[in-house]
1. With the label 7 angstrom out along Cα to Cβ, how close does B:D169 come to the same site in each of the other copies, in nm, nearest first?
2. Give the nm distances, rounded to one decimal, from B:R133 to the matching residue in every other copy, measuring between label points 7 Å along Cα toward the beta carbon; shortest first.
3. How far is it, in nm, from the label point at B:S160 to the one at B:E94 when both lie 7 Å from their Cα along the line to the Cβ?
4. For an R0 of 56 angstrom, estimate the FRET efficiency from the Cβ-Cβ distance between A:K60 and B:K5 and round to the nearest 0.05.
5. Tell me which residues come under 5 Å, amide H to amide H, from B:N168 once H is placed; ignore anything under 5 positions away on its chain.
6. What's the extension gain from B:L34 to B:E47 if we count 0.36 nm per residue and subtract their Cα-Cα distance?
7. Normalise the Cα radius of gyration of the protein assembly as shown by 2.2 N^0.38 Å (N = residues in it) and let me know the number.
8. For A:K113, place a label point 7 Å from Cα along the Cα-to-Cβ direction in every copy; what are the distances to the other copies, in nm, shortest first?
There are 2 protein chains.
Amino acid sequence: MIENKRGLLLVISGPSGVGKGTICKELLNDSTILSVSATTRNPRDGEENGVSYFFYDKEKFKTMIENDELMEWAEYCGNFYGTPKAFVESKLDEGKNVILEIEVQGAMKVKEKYPEGVYIFILPPSLEELKNRIIGRGTEDESVIETRMNQVTRELSFASEYNYFVENDKIENAVKKINAIIEAEKAKSDRCSAQLI
Amino acid sequence: MIENKRGLLLVISGPSGVGKGTICKELLNDSTILSVSATTRNPRDGEENGVSYFFYDKEKFKTMIENDELMEWAEYCGNFYGTPKAFVESKLDEGKNVILEIEVQGAMKVKEKYPEGVYIFILPPSLEELKNRIIGRGTEDESVIETRMNQVTRELSFASEYNYFVENDKIENAVKKINAIIEAEKAKSDRCSAQLI
């Protein structure tokens, strides 16, 4: 009686060090996949075109920008990175939920064009805990840690723009919560065409 | 880092015969309770005041209507039935999720005053299936069944006013879905006060 074939666009952000990458991998299954980004940087060993990234030259990337073929893009260390629309939309049409694990500014650009997306912000149990995780990675000195923490503060200032907050106290709890969000969002009446009468 | 102490107001409706009552009972646990309605009808054997219903006389009930102490009310077969605000709000304040299993018109009245509630409409797998369930109850003759089916059509016409559609193909699936909706709604950013910085 209820039909909802289109997949969900899941946009997941959170401060660096919060564990987004691990959470996103745990969410993958037959119906939920990761988006594949485009980049102009060179492939590294073992990276496969169309799997790790879509590798394009700068000219092609600029044409994609001009033709509005990217959901969001940014320049970082002299290279372009972005999310190709065609890949995401074809997967959504197939009924797959597509995860975009992107930073807050990209997410805000996506939200302007795709308000129907599900915007999830991953939070650490506490800032102290997050600082410990960043320090725990080892190599960084005091000034690097301070820069990171300032970036965290900036990222957190966007949190209220997201639909859901998920605390990553334990990976399995965060994953369970996001799977509940997926199940609930699929049941939203405005996503369903119900054959009512 | 995230705080969300207030419980959810869960308003659950659906055509008669769809299995709402069974589903609602299965949802009950330490954090999710049923609202207790008020009525002016006489208690039946075994019904306890404040548990089955709050039993009031008509004068008291009318005073409650005048004082806006009811979330919704209706007259049925010469008696009044309604949902007392005080009970529901004190339980929400305690952090309990409170279920109102009410018919569509009552639900629409509640929605006007409590847009933050979670409005869930239970659907049968098909109208045919629902008709079979109604017939399966036995005693009713053709004209009673026709009246019931007309009422079902009327009730279904309100479905799109609800936030979520849950199909009752199997009780355990419907219960699992509603529990996912509860978990997701608790994670909504606009219900959480996050201690972000």
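Nothing in this text is a laboratory measurement; each read-out follows from the coordinates by a stated rule. The shown structure was predicted, so the numbers you read here are calculated from the model rather than taken from an experiment. Counting neighbours? That spans all protein chains shown, and the Cβs are built from the backbone with ideal geometry, glycine included.
1. 3.4
2. So the label point of B:R133 gives 4.3 nm to the other copies.
3. Each label point lies 7 Å from its Cα, and together they span 4.0 nm.
4. Plugging the Cβ-Cβ distance into 1/(1 + (r/R0)^6) gives 0.60.
5. Counting only residues 5 or more places away or on other chains, the set is B:L123.
6. Values: separation 13, 0.36 × 13 = 4.68 nm, distance 1.55 nm.
Answer, rounded to one decimal: 3.1 nm.
7. Working: Rg = 25.4 Å, N = 394, 2.2 N^0.38 = 21.3 Å.
For the protein assembly as shown, the normalised Cα radius of gyration is 1.19.
8. Once sorted, the set of distances for A:K113 reads 4.5 nm.
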